[in-house]
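Inspection log for the structure reproduced underneath, given as structure tokens.
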Ligand SMILES: [Fe+2]
């Protein structure tokens with residue numbers, strides 16, 4: 001693993017045990033996926049290890065810190081401040097001496113995805129979702145995404161985003177524009193193969 005700055009090691013060590021376990025598993029999945037895809041495993045595992053640095057903090061504190069740091073806050077993030085745990089974590093990582101834009105963007109966009117996700121960002125986004133430890137009864141779709149991720153990362157992302165967007169719409173939840181833009185960008189770049197069962 002890439003060297004982890006001491007302040008990050010200490011901050012990670014203060015997280016709830018369950019979250020630390022999730023971060024270690026996600027880093028392991030990211031490293032494996034990166035190897036399959038020919039992506040920088042050091043950057044992927046460091047980003048994955050740090051992605052939920054702020055996940056345990058109250059949404060109101062995330063909103064406060066995002067305002068204090070003068071981050072651009074979308075109305076959807078005002079309504080669902082938990083979505084700011086990635087952007088706030090990216091800023092804290094910068095304070096800790098991590099300046100690699102690929103690592104910072106992977107952390108920043110791991111919840112919403114983003115049309116400009118790099119290969120490292122795609123690996124971290126998927127590794128987080130594929131950590132089955134978060135799902136006592138993993139949804140069959142996650143198995144499909146896991147299989148796809150090893151051979152076609154963009155289709156794996158599209159299939160996951162389609163599921164995520166459908167769930168959010170069906171539950172009456174707001175959609176972050178970066179999620180929709182990521183969906184559009186991936187779809188227009190190659191698209192999903194038509195599902196024969198739908199015709
Ligand atoms: Fe996570």
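Being assigned to a helix (DSSP H, G or I) and either touching a residue at least 24 places away in the same chain (Cβ under 8 Å) or more than 13 Å from the ligand (Cβ to nearest atom) (or both) is the filter here, so list the residues in segment 1-20 that pass it.
If the condition is that a residue be assigned to a helix (DSSP H, G or I) and either touching a residue at least 24 places away in the same chain (Cβ under 8 Å) or more than 13 Å from the ligand (Cβ to nearest atom) (or both), then 6, 7, 8, 9, 10, 11, 12, 13, 17, 19 are the ones that fit.
The residues on offer are 143, 137, and the sole one that is away from the ligand (no atom under 16 Å from the Cβ), modelled with pLDDT under 95 and in a loop (DSSP other than H, G, I, E, B) is 137.
Scanning segment 66-86 for residues that are buried (at least 16 other Cβ atoms within 10 Å of the Cβ) and within 12 Å of the ligand (Cβ to nearest atom) returns 85, 86. Does residue 23 count as within 13 Å of the ligand (Cβ to nearest atom), touching a helix residue (DSSP H, G or I) at 6+ places or on another chain (Cβ under 7 Å), over 19 Å from residue 95 (Cα atoms) and without any contact (Cβ under 8 Å) to a residue 60 or more places away in the chain? Here the answer is yes, as residue 23 does meet what is asked. Go through (1) closer than 24 Å to residue 157 by Cβ; (2) without any contact (Cβ under 8 Å) to a residue 60 or more places away in the chain; (3) buried (at least 20 other Cβ atoms within 10 Å of the Cβ) one by one and return the number of the condition residue 120 breaks. Result: residue 120 fails condition (2) only.
Residue-by-condition table, conditions (1) without any contact (Cβ under 8 Å) to a residue 24 or more places away in the chain; (2) part of a helix (DSSP H, G or I); (3) surrounded by fewer than 18 Cβ atoms within 10 Å (Cβ to Cβ):
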{"site": "93", "(1), (2), (3)": "no, yes, no"}
{"site": "97", "(1), (2), (3)": "no, no, yes"}
{"site": "103", "(1), (2), (3)": "no, yes, no"}
{"site": "112", "(1), (2), (3)": "no, no, no"}
{"site": "115", "(1), (2), (3)": "no, no, yes"}
{"site": "129", "(1), (2), (3)": "no, yes, no"}
{"site": "158", "(1), (2), (3)": "no, yes, no"}
{"site": "161", "(1), (2), (3)": "no, yes, no"}
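When 64, 85 are checked against the criterion of being part of a helix (DSSP H, G or I) and over 18 Å from the mean Cα position of the chain (by Cα), a single residue qualifies: 64. Inclusion of residue 89 among residues that are at positive phi and either within 15 Å of the ligand (Cβ to nearest atom) or in contact with a strand residue (DSSP E or B) (Cβ under 7 Å, 6 or more places away or on another chain) (or both) is not warranted.
Tallying residues that are within 13 Å of the ligand (Cβ to nearest atom) and either under 18 Å from residue 122 (Cα atoms) or surrounded by fewer than 17 Cβ atoms within 10 Å (Cβ to Cβ) (or both) within segment 29-65 yields 9.
The values are calculated or read from the model by the stated rules, or taken from the named source; none is laboratory data. None of these values were measured; they are calculated from a predicted model. Cβ: placed from backbone, ideal geometry, glycine included. Neighbour counts: every protein chain shown.
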